[in-house]
Amino acid sequence: MHENGKRRELILCITSYVKGQAFLRQVAAMGCGVVLLTVEKHCDADWPRECLDELLTMPDGLSREQITNTVTYLARSRKFDRIVALDEFEMEIAAHLREHMRIPGMGLTTMANFRDKLAMRIEARRAGALVPDFAPVLNYDDLRVYMAAVPGPWVLKPRSEASAIGIKKIHEPEELWRALDELGDRQSSFLLEKFVPGDIFHVDAVTSERKVLFQEVSGYGKPPMQLMNEGGVFTTRTLDRNSPDAVALRQLNANLVPALGLLRGVTHAEYIRAAEDGRFYFLEVAARVGGAFIAELVEYASGLNLWAEWARIEVCSLRGVPYTLPELKPAYSGSVLCLARVPEPDTSAFDAPEVVYRMNKHHHAGLIVQSPDPERVRALLNEYGERFQEVFCAVEPPPLRPTA
């Protein structure tokens, strides 16, 4: 109970990965109770336990029905005011629980636009965004017509995976039929899309009451799909905010995110500038904070912590008060990250004064640089990316699920 006698609001957070600590801290700092439900293997992970009312665990791999039974059992003695999924793979179950328990927030139909790559493409095209030509893997005659009309190569994509996981490049129709035979009954959970070469960008945004209030535009070095399949050094950097690319992508994203149905929250969207025609095409969007230390990248570029602002938006909505952005501290930042050959790589030789963050993750080397000059960030990433490749970089088979 609050000191004034009112019941303290309670937010249930669900995750199967160790992330979102800043979200948990912010919710607690605003006076709400926090119950964290995670999988048993993360019971002893680095959670801000001082901010949690309860830390509860469940076995990994539970079905939707089993998780529903778990949460509704908890609800017998706890009144949850909001349910928040902190990672991609709990987004759907959180939407289902909201509908099942009639708790305000995004439901399954809208969630599909931020989780199902087929749904989001259909709705993005309907909203006027350019999208690479695609076809659902449903009717074989439709696929034959598609491949006859749209020159290859194509990419076969899982509809509901995160990042570039599970994507396969297809060069000939026969290659597709073999891949579908291997997938069997799972094939309807995929789509076929024209492979579009080009430069890939991400826009990380904050939305409140259908209005996009904050956007940071960044450009990847190598495409995530290439890194996922071939390995290498991951880099991304915030763009000059006055550049034509940044201006165009902010406008595109600000129109698209509300059109897809987001009322409030954070988004991580990806677009490609096609090498063939120079235009921007929508690739995907998620209603979550981006992975691969993108939250830290954005914070060093703007002073805004995406996790904390997401928490503030949720609590403000719960209390019926307007959300306002914090004061921004604009700069530019870039990150370089790779799988490392040694368990605890030493990045101290990368000693430019612009280095502001060193990643502490087993078998990974990474850092973030910050500067008032976007060209200085670009130059450092080019140099450090090459040196990381020589000094640290290891390669392993593509993972079946994200590792963070």
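See the values below:
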{"item": "Tally of residues being open to solvent by less than 40 Å² (accessible area, probe 1.4 Å) and under 17 Å from LEU86 (Cα atoms) across region 108-125", "result": "4"}
{"item": "From the options ALA295, ALA331, ALA311, ALA379, residue that is closer than 28 Å to PRO197 by Cβ, out of contact with any His (no Cβ under 7 Å at 6 or more places or on another chain) and at pLDDT 95 or above", "result": "ALA379"}
{"item": "Failed criterion for VAL247 (all others in (1) open to solvent by less than 60 Å² (accessible area, probe 1.4 Å); (2) of a type in the set (Val, Ile, Thr); (3) more than 16 Å from the chain's Cα centre (by Cα) hold)", "result": "(1)"}
{"item": "Among the candidates ARG115, ARG121, residue that is at pLDDT 95 or above and either outside any loop (DSSP other than H, G, I, E, B) or over 19 Å from the mean Cα position of the chain (by Cα) (or both)", "result": "ARG121"}
{"item": "Checking ARG319 against (1) over 16 Å from ALA22 (Cβ atoms); (2) at pLDDT 95 or above; (3) in contact with a strand residue (DSSP E or B) (Cβ under 8 Å, 6 or more places away or on another chain), the condition it does not meet", "result": "(3)"}
{"item": "Filter result for GLU309 (open to solvent by 50 Å² or more (accessible area, probe 1.4 Å) and either in contact with a helix residue (DSSP H, G or I) (Cβ under 9 Å, 6 or more places away or on another chain) or not aliphatic (A, V, I, L, M) (or both))", "result": "no"}
{"item": "Filter result (crowded, with 23+ Cβ neighbours inside 10 Å and touching an Asp or Glu at 6+ places or on another chain (Cβ under 8 Å)) within region 312-332", "result": "TYR332"}
{"item": "Residue match in region 88-96 (condition: charged (D, E, K, R), open to solvent by less than 70 Å² (accessible area, probe 1.4 Å) and touching a Pro at 6+ places or on another chain (Cβ under 8 Å))", "result": "yes"}
{"item": "Conditions (1) without any contact (Cβ under 8 Å) to a residue 60 or more places away in the chain; (2) under 23 Å from ALA287 (Cβ atoms); number of the one not met by ARG376", "result": "(2)"}
{"item": "Members of region 132-151 that are under 14 Å from HIS171 (Cα atoms), open to solvent by less than 80 Å² (accessible area, probe 1.4 Å) and not in a helix (DSSP H, G or I)", "result": "VAL150"}
{"item": "Residue under evaluation GLN187, criteria (1) in contact with a helix residue (DSSP H, G or I) (Cβ under 8 Å, 6 or more places away or on another chain); (2) closer than 23 Å to LEU108 by Cα; (3) open to solvent by 50 Å² or more (accessible area, probe 1.4 Å), criterion not met", "result": "(3)"}
{"item": "Subset of region 172-211 (residues that are over 30 Å from PRO322 (Cβ atoms) and part of a loop (DSSP other than H, G, I, E, B))", "result": "GLU172, PHE195, VAL196, PRO197"}
{"item": "Residue among LEU283, LEU256 that is among the hydrophobic types (A, V, I, L, M, F, W, C) and over 13 Å from the mean Cα position of the chain (by Cα)", "result": "LEU256"}
{"item": "Answer residue from region 339-354, given it is surrounded by 13 or more Cβ atoms within 10 Å (Cβ to Cβ) and under 25 Å from VAL395 (Cβ atoms) and is farthest from the chain's Cα centre (by Cα) among those", "result": "PHE350"}
{"item": "Which listed residue is in contact with a Cys (Cβ under 6 Å, 6 or more places away or on another chain), modelled with pLDDT of 95 or more and not hydroxyl-bearing (Ser, Thr, Tyr), from VAL84, VAL39, VAL71", "result": "VAL84"}
{"item": "Set VAL137, VAL150: member being under 27 Å from HIS268 (Cα atoms) and among the aliphatic types (A, V, I, L, M)", "result": "VAL137"}
{"item": "Residues within region 52-83 that are within 25 Å of ARG8 (Cβ to Cβ), surrounded by fewer than 12 Cβ atoms within 10 Å (Cβ to Cβ) and polar (S, T, N, Q), tallied", "result": "1"}
{"item": "Qualifying residue in region 159-166 (condition: open to solvent by 70 Å² or more (accessible area, probe 1.4 Å), in a loop (DSSP other than H, G, I, E, B) and either farther than 18 Å from LEU183 by Cα or in contact (Cβ under 8 Å) with a residue 12 or more places away in the chain (or both))", "result": "no"}
{"item": "Meets criteria (open to solvent by less than 20 Å² (accessible area, probe 1.4 Å), farther than 24 Å from MET106 by Cβ, outside any helix (DSSP H, G or I) and not β-branched (Val, Ile, Thr)) for GLU216", "result": "no"}
{"item": "Complete set of residues in region 115-131 that are touching a helix residue (DSSP H, G or I) at 6+ places or on another chain (Cβ under 9 Å) and closer than 19 Å to GLN251 by Cα", "result": "MET120, GLU123, ALA124, ARG126, ALA127, GLY128, ALA129, LEU130, VAL131"}
{"item": "Options LYS41, LYS6: the member that is surrounded by fewer than 20 Cβ atoms within 10 Å (Cβ to Cβ), charged (D, E, K, R) and part of a loop (DSSP other than H, G, I, E, B)", "result": "LYS6"}
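The values are calculated or read from the model by the stated rules, or taken from the named source; none is laboratory data. On a predicted model such as this, the values are computed, not experimentally measured, just so you know. Cβ: placed from backbone, ideal geometry, glycine included. Neighbour counts: every protein chain shown. Note: accessible area is taken over every heavy atom of the protein model, side chains too, but ligands, DNA and RNA are not part of it. Shrake-Rupley method; radii C 1.70, N 1.55, O 1.52, S 1.80 Å.
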